Amino acid sequence: MTRPPGRAATLLVAVLLAAALPAAAQSPPAGTPAAPTVQLAVPATGTPDARTGVDIYEEFVGGLAQPACEDASPRWESHFAHVPAQLAAADSEVLPLFAYVVDALRQAHLPTEYALIPFVESGYRPGARSASGPAGLWQFIALTARNHKIPMRPGFDGRLSPIEATRAAVRYLKTLHGMFAGDWRLAVMAFNAGEYRVLGALKRHDMRAADARPEALASLSGITRAYVVKLHALSCLMVEAGRERDFREALDRPVARLVAIELPADAASLDAFAAREGLDAARLKRLNPAVAPQGTARAGGVHVLVPAAAATAARGAVAN
(Lines give C-alpha, C1' and ligand atoms only; values in the text may rest on other atoms or scores of the structure.)
Protein backbone atom coordinates (compact mmCIF):
# COMPACT_ATOMS: atom_id res chain seq x y z
CA MET A 1 0.00 0.00 0.00
CA THR A 2 1.06 3.62 -0.44
CA ARG A 3 2.48 5.07 2.75
CA PRO A 4 1.83 8.68 3.83
CA PRO A 5 4.55 11.00 2.55
CA GLY A 6 7.29 11.86 4.99
CA ARG A 7 6.90 8.71 7.13
CA ALA A 8 10.65 8.03 7.39
CA ALA A 9 11.46 11.63 8.17
CA THR A 10 8.76 11.83 10.82
CA LEU A 11 9.98 8.66 12.50
CA LEU A 12 13.60 9.83 12.44
CA VAL A 13 12.71 13.12 14.11
CA ALA A 14 10.66 11.30 16.75
CA VAL A 15 13.55 8.97 17.57
CA LEU A 16 16.01 11.84 17.88
CA LEU A 17 13.62 13.81 20.07
CA ALA A 18 13.16 10.78 22.31
CA ALA A 19 16.82 10.79 23.23
CA ALA A 20 16.51 14.37 24.46
CA LEU A 21 13.22 14.21 26.33
CA PRO A 22 12.63 12.83 29.82
CA ALA A 23 10.73 9.58 30.00
CA ALA A 24 7.56 11.21 31.32
CA ALA A 25 7.36 13.49 28.31
CA GLN A 26 7.42 10.54 25.93
CA SER A 27 4.42 8.74 27.41
CA PRO A 28 1.29 8.98 25.28
CA PRO A 29 -1.57 11.10 26.66
CA ALA A 30 -3.72 9.13 28.35
CA GLY A 31 0.26 -5.64 42.21
CA THR A 32 5.77 -17.80 53.26
CA PRO A 33 9.01 -15.90 53.48
CA ALA A 34 11.67 -17.79 51.60
CA ALA A 35 14.94 -17.29 49.83
CA PRO A 36 14.49 -15.35 46.60
CA THR A 37 13.84 -17.47 43.54
CA VAL A 38 14.73 -16.09 40.15
CA GLN A 39 12.38 -16.80 37.27
CA LEU A 40 14.17 -16.08 34.04
CA ALA A 41 12.17 -15.57 30.88
CA VAL A 42 14.85 -15.60 28.20
CA PRO A 43 15.12 -16.67 24.58
CA ALA A 44 17.67 -19.22 23.48
CA THR A 45 20.15 -16.54 22.41
CA GLY A 46 21.86 -13.73 24.27
CA THR A 47 23.58 -13.46 27.64
CA PRO A 48 21.83 -14.15 30.95
CA ASP A 49 22.11 -10.55 32.15
CA ALA A 50 21.71 -8.29 29.11
CA ARG A 51 21.39 -8.01 25.36
CA THR A 52 21.03 -5.13 22.97
CA GLY A 53 17.82 -3.40 22.02
CA VAL A 54 18.38 -4.67 18.48
CA ASP A 55 18.32 -8.25 19.78
CA ILE A 56 15.02 -7.54 21.54
CA TYR A 57 13.59 -5.97 18.39
CA GLU A 58 14.63 -8.98 16.28
CA GLU A 59 13.01 -11.34 18.82
CA PHE A 60 9.79 -9.38 18.45
CA VAL A 61 9.79 -9.26 14.64
CA GLY A 62 10.76 -12.93 14.42
CA GLY A 63 7.68 -13.86 16.43
CA LEU A 64 5.07 -11.98 14.40
CA ALA A 65 2.23 -14.08 13.02
CA GLN A 66 1.38 -11.50 10.35
CA PRO A 67 4.52 -9.61 9.28
CA ALA A 68 3.14 -8.53 5.88
CA CYS A 69 1.97 -4.92 5.98
CA GLU A 70 0.16 -4.21 2.73
CA ASP A 71 -3.12 -3.68 4.58
CA ALA A 72 -1.89 -1.70 7.61
CA SER A 73 -4.10 1.22 8.60
CA PRO A 74 -2.42 4.62 7.98
CA ARG A 75 -4.77 6.15 10.56
CA TRP A 76 -3.58 3.86 13.36
CA GLU A 77 0.03 3.96 12.25
CA SER A 78 -0.19 7.73 12.66
CA HIS A 79 -1.93 7.37 16.04
CA PHE A 80 0.85 5.13 17.39
CA ALA A 81 3.74 6.92 15.70
CA HIS A 82 5.25 7.72 19.13
CA VAL A 83 5.87 4.03 19.95
CA PRO A 84 9.26 3.61 18.18
CA ALA A 85 10.48 6.72 19.99
CA GLN A 86 9.41 5.22 23.31
CA LEU A 87 11.45 2.11 22.59
CA ALA A 88 14.44 4.15 21.40
CA ALA A 89 14.55 6.39 24.49
CA ALA A 90 17.51 5.33 26.65
CA ASP A 91 16.01 6.71 29.88
CA SER A 92 12.65 4.94 29.51
CA GLU A 93 11.55 1.65 31.10
CA VAL A 94 9.48 0.77 28.03
CA LEU A 95 12.11 -1.27 26.18
CA PRO A 96 13.08 -3.49 29.18
CA LEU A 97 9.39 -4.09 29.99
CA PHE A 98 8.61 -4.79 26.33
CA ALA A 99 11.47 -7.31 26.30
CA TYR A 100 10.08 -8.97 29.44
CA VAL A 101 6.70 -9.42 27.75
CA VAL A 102 8.19 -10.56 24.42
CA ASP A 103 10.27 -13.19 26.25
CA ALA A 104 7.21 -14.49 28.11
CA LEU A 105 5.26 -14.80 24.86
CA ARG A 106 8.10 -16.48 23.00
CA GLN A 107 8.47 -19.01 25.80
CA ALA A 108 4.74 -19.71 25.55
CA HIS A 109 5.04 -20.11 21.75
CA LEU A 110 2.61 -17.25 21.13
CA PRO A 111 2.69 -14.55 18.43
CA THR A 112 4.47 -11.37 19.46
CA GLU A 113 1.60 -9.21 18.22
CA TYR A 114 0.30 -9.85 21.75
CA ALA A 115 3.27 -7.90 23.16
CA LEU A 116 1.72 -4.78 21.63
CA ILE A 117 -1.45 -4.99 23.72
CA PRO A 118 0.08 -2.97 26.62
CA PHE A 119 0.89 -0.13 24.20
CA VAL A 120 -2.82 0.08 23.35
CA GLU A 121 -4.01 -0.45 26.92
CA SER A 122 -1.57 1.50 29.08
CA GLY A 123 1.28 2.91 27.01
CA TYR A 124 3.45 0.30 28.79
CA ARG A 125 3.01 2.04 32.14
CA PRO A 126 2.76 -0.56 34.94
CA GLY A 127 1.07 1.92 37.26
CA ALA A 128 -1.55 3.14 34.78
CA ARG A 129 -5.06 3.48 36.20
CA SER A 130 -8.26 4.25 34.33
CA ALA A 131 -11.06 6.27 35.86
CA SER A 132 -13.44 3.48 34.80
CA GLY A 133 -11.59 0.87 36.88
CA PRO A 134 -8.98 -1.01 34.81
CA ALA A 135 -5.40 -0.85 36.07
CA GLY A 136 -1.85 -1.85 35.24
CA LEU A 137 0.15 -2.76 32.17
CA TRP A 138 -2.67 -4.89 30.74
CA GLN A 139 -5.57 -2.83 32.20
CA PHE A 140 -7.39 -5.66 33.92
CA ILE A 141 -10.61 -4.85 35.74
CA ALA A 142 -10.82 -6.21 39.28
CA LEU A 143 -13.26 -9.03 38.43
CA THR A 144 -11.16 -10.26 35.50
CA ALA A 145 -8.02 -10.04 37.63
CA ARG A 146 -9.54 -12.25 40.30
CA ASN A 147 -10.83 -14.70 37.69
CA HIS A 148 -7.28 -15.01 36.36
CA LYS A 149 -5.71 -15.47 39.79
CA ILE A 150 -4.02 -12.09 40.00
CA PRO A 151 -3.47 -11.52 43.74
CA MET A 152 -5.46 -8.61 45.12
CA ARG A 153 -5.52 -7.85 48.82
CA PRO A 154 -5.30 -4.81 51.10
CA GLY A 155 -2.03 -3.05 50.35
CA PHE A 156 -1.28 -5.03 47.19
CA ASP A 157 -3.01 -4.72 43.82
CA GLY A 158 -1.45 -7.38 41.60
CA ARG A 159 -2.79 -5.68 38.48
CA LEU A 160 -0.04 -3.08 39.03
CA SER A 161 2.62 -5.79 39.15
CA PRO A 162 4.11 -6.39 35.68
CA ILE A 163 4.98 -9.89 36.90
CA GLU A 164 1.55 -10.95 38.11
CA ALA A 165 -0.35 -9.17 35.34
CA THR A 166 1.89 -10.51 32.55
CA ARG A 167 1.71 -14.07 33.88
CA ALA A 168 -2.09 -13.84 33.90
CA ALA A 169 -2.26 -12.21 30.47
CA VAL A 170 0.00 -14.81 28.87
CA ARG A 171 -1.99 -17.67 30.46
CA TYR A 172 -5.22 -16.19 29.18
CA LEU A 173 -3.82 -15.50 25.71
CA LYS A 174 -2.51 -19.06 25.55
CA THR A 175 -6.01 -20.34 26.28
CA LEU A 176 -7.60 -18.02 23.73
CA HIS A 177 -4.98 -18.85 21.10
CA GLY A 178 -5.86 -22.53 21.38
CA MET A 179 -9.60 -21.89 21.60
CA PHE A 180 -9.58 -19.92 18.33
CA ALA A 181 -7.46 -22.28 16.21
CA GLY A 182 -4.28 -20.24 16.56
CA ASP A 183 -5.78 -17.13 14.92
CA TRP A 184 -4.19 -14.22 16.79
CA ARG A 185 -6.87 -11.85 15.48
CA LEU A 186 -9.73 -13.79 17.03
CA ALA A 187 -7.72 -14.22 20.23
CA VAL A 188 -7.19 -10.49 20.69
CA MET A 189 -10.85 -9.84 19.95
CA ALA A 190 -11.67 -12.29 22.72
CA PHE A 191 -9.09 -10.66 25.01
CA ASN A 192 -10.90 -7.36 24.46
CA ALA A 193 -14.52 -8.49 24.50
CA GLY A 194 -14.53 -11.93 26.14
CA GLU A 195 -14.36 -15.35 24.51
CA TYR A 196 -18.11 -15.99 24.67
CA ARG A 197 -18.92 -12.89 22.65
CA VAL A 198 -16.50 -13.97 19.94
CA LEU A 199 -17.74 -17.55 19.96
CA GLY A 200 -21.28 -16.22 19.68
CA ALA A 201 -20.33 -13.96 16.78
CA LEU A 202 -18.70 -16.86 14.92
CA LYS A 203 -21.87 -18.90 15.34
CA ARG A 204 -24.09 -15.98 14.31
CA HIS A 205 -22.09 -15.42 11.12
CA ASP A 206 -21.81 -19.15 10.38
CA MET A 207 -18.01 -19.23 10.63
CA ARG A 208 -15.51 -21.59 12.20
CA ALA A 209 -12.41 -20.31 13.98
CA ALA A 210 -10.18 -22.26 11.59
CA ASP A 211 -11.32 -20.28 8.54
CA ALA A 212 -12.97 -17.19 10.00
CA ARG A 213 -12.81 -13.69 8.57
CA PRO A 214 -12.53 -11.57 11.73
CA GLU A 215 -13.18 -8.33 9.87
CA ALA A 216 -16.59 -9.71 8.82
CA LEU A 217 -17.83 -10.34 12.37
CA ALA A 218 -20.11 -7.35 12.17
CA SER A 219 -22.11 -8.29 15.28
CA LEU A 220 -19.07 -7.49 17.44
CA SER A 221 -18.56 -3.89 18.51
CA GLY A 222 -16.51 -1.55 16.38
CA ILE A 223 -14.07 -1.18 19.28
CA THR A 224 -13.43 -4.93 19.34
CA ARG A 225 -12.99 -5.18 15.59
CA ALA A 226 -10.70 -2.13 15.60
CA TYR A 227 -8.48 -3.83 18.20
CA VAL A 228 -7.07 -6.12 15.52
CA VAL A 229 -6.53 -3.20 13.15
CA LYS A 230 -4.69 -1.23 15.85
CA LEU A 231 -2.34 -4.06 16.75
CA HIS A 232 -1.57 -4.87 13.12
CA ALA A 233 -0.84 -1.19 12.38
CA LEU A 234 1.42 -1.08 15.43
CA SER A 235 3.32 -4.18 14.36
CA CYS A 236 3.78 -2.73 10.87
CA LEU A 237 4.98 0.55 12.34
CA MET A 238 7.60 -1.44 14.23
CA VAL A 239 8.62 -3.35 11.11
CA GLU A 240 8.97 -0.07 9.22
CA ALA A 241 10.98 1.50 12.05
CA GLY A 242 13.49 -1.33 11.83
CA ARG A 243 14.43 -0.16 8.35
CA GLU A 244 15.55 3.22 9.71
CA ARG A 245 19.25 3.45 10.53
CA ASP A 246 18.72 6.00 13.30
CA PHE A 247 16.17 3.81 15.02
CA ARG A 248 18.42 0.75 14.96
CA GLU A 249 21.39 2.79 16.18
CA ALA A 250 19.29 4.10 19.07
CA LEU A 251 18.39 0.52 19.97
CA ASP A 252 21.96 -0.72 19.68
CA ARG A 253 22.75 -0.43 23.38
CA PRO A 254 22.89 -2.93 26.26
CA VAL A 255 19.50 -3.50 27.89
CA ALA A 256 19.46 -5.32 31.23
CA ARG A 257 17.11 -8.27 31.42
CA LEU A 258 14.34 -7.90 33.95
CA VAL A 259 13.63 -10.96 36.07
CA ALA A 260 11.26 -11.69 38.92
CA ILE A 261 12.55 -12.38 42.40
CA GLU A 262 10.74 -12.85 45.67
CA LEU A 263 11.68 -10.14 48.12
CA PRO A 264 13.79 -11.53 50.95
CA ALA A 265 12.02 -12.00 54.26
CA ASP A 266 14.15 -9.28 55.84
CA ALA A 267 13.39 -6.63 53.19
CA ALA A 268 11.12 -4.23 55.02
CA SER A 269 10.48 -2.03 51.98
CA LEU A 270 11.46 -1.41 48.39
CA ASP A 271 13.64 1.49 49.51
CA ALA A 272 15.45 -0.68 52.03
CA PHE A 273 15.94 -3.47 49.50
CA ALA A 274 17.25 -1.01 46.87
CA ALA A 275 19.70 0.52 49.38
CA ARG A 276 20.97 -2.88 50.48
CA GLU A 277 21.49 -4.18 46.93
CA GLY A 278 22.81 -0.94 45.45
CA LEU A 279 19.83 -0.55 43.10
CA ASP A 280 18.28 2.63 41.76
CA ALA A 281 15.34 3.04 44.14
CA ALA A 282 13.42 5.35 41.80
CA ARG A 283 13.69 2.86 38.96
CA LEU A 284 12.68 -0.01 41.23
CA LYS A 285 9.53 1.92 42.20
CA ARG A 286 8.65 2.65 38.57
CA LEU A 287 8.99 -1.02 37.67
CA ASN A 288 7.05 -2.24 40.71
CA PRO A 289 4.18 0.14 41.47
CA ALA A 290 2.17 -2.64 43.16
CA VAL A 291 4.64 -2.65 46.04
CA ALA A 292 4.50 0.22 48.53
CA PRO A 293 7.96 1.87 48.57
CA GLN A 294 7.69 2.44 52.32
CA GLY A 295 6.50 0.01 54.97
CA THR A 296 6.20 -3.75 54.72
CA ALA A 297 6.54 -5.22 51.26
CA ARG A 298 6.81 -8.91 52.03
CA ALA A 299 3.33 -10.07 53.08
CA GLY A 300 2.32 -13.13 51.12
CA GLY A 301 5.62 -13.46 49.24
CA VAL A 302 5.79 -10.41 46.99
CA HIS A 303 7.76 -10.59 43.75
CA VAL A 304 9.52 -7.66 42.12
CA LEU A 305 11.20 -7.02 38.78
CA VAL A 306 14.93 -6.31 39.00
CA PRO A 307 17.84 -6.42 36.54
CA ALA A 308 19.11 -9.98 36.20
CA ALA A 309 22.55 -9.17 37.61
CA ALA A 310 20.95 -7.68 40.73
CA ALA A 311 18.74 -10.75 41.08
CA THR A 312 21.76 -13.04 41.03
CA ALA A 313 23.54 -10.89 43.62
CA ALA A 314 20.49 -10.81 45.90
CA ARG A 315 20.07 -14.58 45.70
CA GLY A 316 23.74 -15.07 46.50
CA ALA A 317 23.55 -12.71 49.46
CA VAL A 318 20.70 -14.72 51.00
CA ALA A 319 22.42 -18.04 50.29
CA ASN A 320 25.49 -16.82 52.15
What spacing in nm lies between the two simple spin-label points modelled at residue 143 and residue 272, each 7 Å away from Cα in the Cβ direction? 3.9 nm
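At a 1.4 Å probe, what is the % contribution of carbon and sulfur to the accessible area of the range 101-189?
Working: 1670 of 3200 Å².
That fraction is 52 percent.
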Quote to one decimal, in nm, the extra length available between residue 283 and residue 249 on full extension: 0.36 nm per residue of separation minus the C-alpha distance between them. 9.8 nm
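In terms of the Cα gyration tensor, with a ≥ b ≥ c the square roots of its eigenvalues, is the range 57-140 rounded because a/c is under 1.5, prolate because a/b exceeds b/c, or oblate?
Numbers: a/c = 1.44, a/b = 1.22, b/c = 1.18.
It is rounded, given that a/c, with a ≥ b ≥ c, falls under 1.5.
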Neighbour net charge for residue 61 - beta-carbon separation under 13 angstrom, K R +1, D E -1: -2
Rounded, prolate or oblate: which fits the range 119-276, taking a ≥ b ≥ c as square roots of the Cα gyration tensor eigenvalues, rounded meaning a/c under 1.5, else prolate when a/b beats b/c? oblate
Quick check: Cα centre of the range 126-183 to Cα centre of the range 207-249, how many Å? 21 Å
Log entry: pair-distance distribution for the range 152-214, C-alpha pairs binned every 5 Å from zero, whole % per bin is 4, 18, 24, 18, 12, 9, 7, 5, 2, 0
Using r as the Cβ-Cβ distance of residue 204 and residue 132, and R0 as 25 Å, what FRET efficiency do you calculate, to the nearest 0.05? 0.35
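If R0 is 25 Å, what FRET efficiency do you get for residue 50 and residue 292 from their C-beta distance, rounded to 0.05? It would help to have the intermediate numbers written out before the result.
On the way: r = 29 Å, r/R0 = 1.15.
So the FRET efficiency works out to roughly 0.30.
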List the aspartates and glutamates whose Cα sits under 14 Å from the Cα of residue 203, skipping any in the same chain fewer than 8 residues away. 195, 211
Å² per residue, accessible surface of the range 121-240 at 1.4 Å: 43 Å²
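Sort the range 43-182 into rounded, prolate or oblate with this rule: let a ≥ b ≥ c be the square roots of the eigenvalues of the Cα gyration tensor; rounded if a/c is under 1.5, and if a/c is not under 1.5, prolate when a/b is larger than b/c, oblate otherwise.
The shape class here is rounded.
Per the 1.4 Å probe, what fraction of the accessible area of the range 214-270, in percent, lies on carbon and sulfur atoms? Write out the running numbers ahead of the final one.
On the way: 1080 of 2070 Å².
C and S atoms contribute 52 percent here.
The values are calculated or read from the model by the stated rules, or taken from the named source; none is laboratory data. Just so it is clear, the model here is predicted, and its values are computed rather than measured. Reconstructed Cβ throughout: ideal geometry from the backbone, glycine too, with neighbour counts over all protein chains shown. Side chains included, ligands, DNA and RNA excluded: accessible areas come from the protein's heavy atoms. Shrake-Rupley method; radii C 1.70, N 1.55, O 1.52, S 1.80 Å.
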